[in-house]
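The values are calculated or read from the model by the stated rules, or taken from the named source; none is laboratory data. Note that the structure is predicted; figures quoted are calculated from it, not measured. Methodologically, a virtual Cβ is constructed for each residue, glycine included, from the backbone with ideal geometry; neighbour enumeration extends over all protein chains shown. When the accessible area is computed, the model is the full protein with side chains, heavy atoms only, and any ligands, DNA or RNA have been set aside. Shrake-Rupley method; radii C 1.70, N 1.55, O 1.52, S 1.80 Å.
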Amino acid sequence: MAWSTAQVARMSKVTSRTLRHYDEIGLLPPAWVGDNGYRYYEQEQLLRLQQILVLRELGLGLEAIGEIVRDGGDRVAALRMHHRWLLAERDRFDRLARTVSRTITDVEEGTTMTKTDHWFDGFDAATQEQLRQEARERWGPEVVDASAESTWQQGHGKEWTAMLTTLVAHLDADRTPQDPAVQATIDGHYRWIQAFWQPNRQSYAGLADVYADDPRFRANFDKTDPRLADYLRAAMKEYAQTELS
């Protein structure tokens, strides 16, 4: 069975112009073109269009989407991966909604909040395992699986927040990430990390990028101080380059 461009546009709520554009850039060619010049789409193309729309909803650009949909991988496996992403996004927005709801209540009741309380919200076992799995994919299971249990479950949260407080003080004092005092703080962070796993130069610099680029971490850093994530990344990369191999 085949569907015309107009039919696909009605079903998917995507304009005919967008479908033509997807064809022009090689993202979604039709199954065939009739003698009258009309494009026709079959089930395979509809599945690809669904994949494109899902990835668009997840915030990916067309270039990145093109790389994903053209890789020739197993379609069911790809759909399962996208399903996991969507569930993770649903859960993330649920957590954000709960956080905002609590904040509204706190403000209405005049509750005094500290700058670091939010670091302890949402770090349940499932979230920790998700983060550990992402780390395994980045740096290999032999590194990550050698680590101890979750940082937060081990009771080291106070050390973490103390380091963040010190870094904000460095920022307020206009110290550069290369300043010896800042690097001494980062050395403390590196030694703290070693209680859980053993990063090398590459993986420690990679962790710096995760802190600054992963929306989950970035949001918490920004709530502590909007300058903090990029400052910590620069300081950690300096430490990785000068102290690690």
(request) Any chance you could look up the accessible area of H189 with a 1.4 Å probe, heavy atoms only, rounded to 10 Å²? (result) 10 Å²
(request) Between beta-carbons, use under 13 Å as the cut-off and find the net charge around M1, counting Lys and Arg +1, Asp and Glu -1. (result) -2
(request) Grab the Cα-Cα distance for D179 and W192, subtract it from 0.36 nm times how many residues apart they are, and report the gain in nm with one decimal. (result) 2.7 nm
(request) Leaving ligands, DNA and RNA out of it, report the carbon-plus-sulfur percent of the accessible area of region 17-96 at a 1.4 Å probe. (result) 50 percent
(message) Just to check I understand the Karplus step: with θ = phi - 60° and J = 6.51 cos²θ - 1.76 cosθ + 1.60, what whole-Hz values come out for region 24-41, glycine and proline as x?
(response) 4, 8, x, 7, 9, x, x, 5, 6, 10, x, 4, 7, x, 7, 8, 10, 10
(message) Given the whole protein assembly as supplied and a 1.4 Å probe, what does the accessible area of M81 come to in Å², nearest 10?
(response) 60 Å²
